[in-house]
Amino acid sequence: MSGVWVFKNGVVRLVENFGDCPRRKTLVHVPSEEVITSYGVLERKLLSLGWERYHGDPELLQFHKRSTIHLISLPKDFNKFKSMHMYDIVVKNRNEFEVRDVLQSQ
C-alpha cells in the first residue's frame, strides 16, 4: 500500500493519490510548534527574536533587524500571506520557523 494516512472526524483512511488532495502551506514556529495563524502571533515571535516594526510603507507590514540588512515585507491583509512570504521569514530566521504542507479536508 502506498499513500498517506489521513485522520479526519475520528476516522483514519488511506489516501492513495496524495497529490490529488488539496494542500496549503502553513508557517510554524519550531521551538514552540505553534502554527502562525495571524500577524499578531507572528509579530510576537519576531519581536522576541530581535525584529522591530518598520513603518516605511503604509501598504505593507514590515520588520527590520538592526544587526542585519534584512527587511521582512508582508501584505497588510493576512489572507494575502503566501508561501513566498513564509519562506522569506524562514530564510531570515534559521531554525526558528518552518513552512509545512497542511492537508485540507475534502
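The values are calculated or read from the model by the stated rules, or taken from the named source; none is laboratory data. Predicted model only: the values in this text are computed from it and were never measured. All Cβ positions, glycine included, derive from the backbone under ideal geometry; neighbour counts span all protein chains shown. Keep in mind that these areas ignore ligands, DNA and RNA; they rest on the heavy atoms of the full protein, side chains included. Shrake-Rupley method; radii C 1.70, N 1.55, O 1.52, S 1.80 Å.
Scanning the range 45-90 for residues that are in a helix (DSSP H, G or I) and either surrounded by 12 or more Cβ atoms within 10 Å (Cβ to Cβ) or among the small types (Gly, Ala, Ser) (or both) returns Lys45, Leu46, Leu47, Ser48, Phe78, Ser83, His85, Met86, Tyr87, Asp88, Ile89, Val90.
Considered as a group, the residues in the range 29-44 that are part of a helix (DSSP H, G or I) and more than 11 Å from Phe78 (Cα to Cα) include one that is least open to solvent (accessible area, probe 1.4 Å), and that residue is Val41.
Cβ-Cβ distance below 7 Å, separation of 6 or more or different chains: which pairs start in the range 62-81 with a residue that is touching a residue at least 12 places away in the same chain (Cβ under 8 Å) and end on one that is open to solvent by 40 Å² or more (accessible area, probe 1.4 Å) and in a helix (DSSP H, G or I)? Correct list of pairs: His70/Lys92; Ile72/Asp88; Ile72/Lys92.
Of all residues in the range 91-101, count the ones that are open to solvent by less than 80 Å² (accessible area, probe 1.4 Å) and free of Cβ contacts under 8 Å to residues at least 40 places away in the same chain.
If we filter the range 91-101 for residues that are open to solvent by less than 80 Å² (accessible area, probe 1.4 Å), which is where we start, we get 92-93, 96-100.
Adding the requirement that they be free of Cβ contacts under 8 Å to residues at least 40 places away in the same chain leaves 92.
Going through the range 91-101 one residue at a time, the tally reaches 1.
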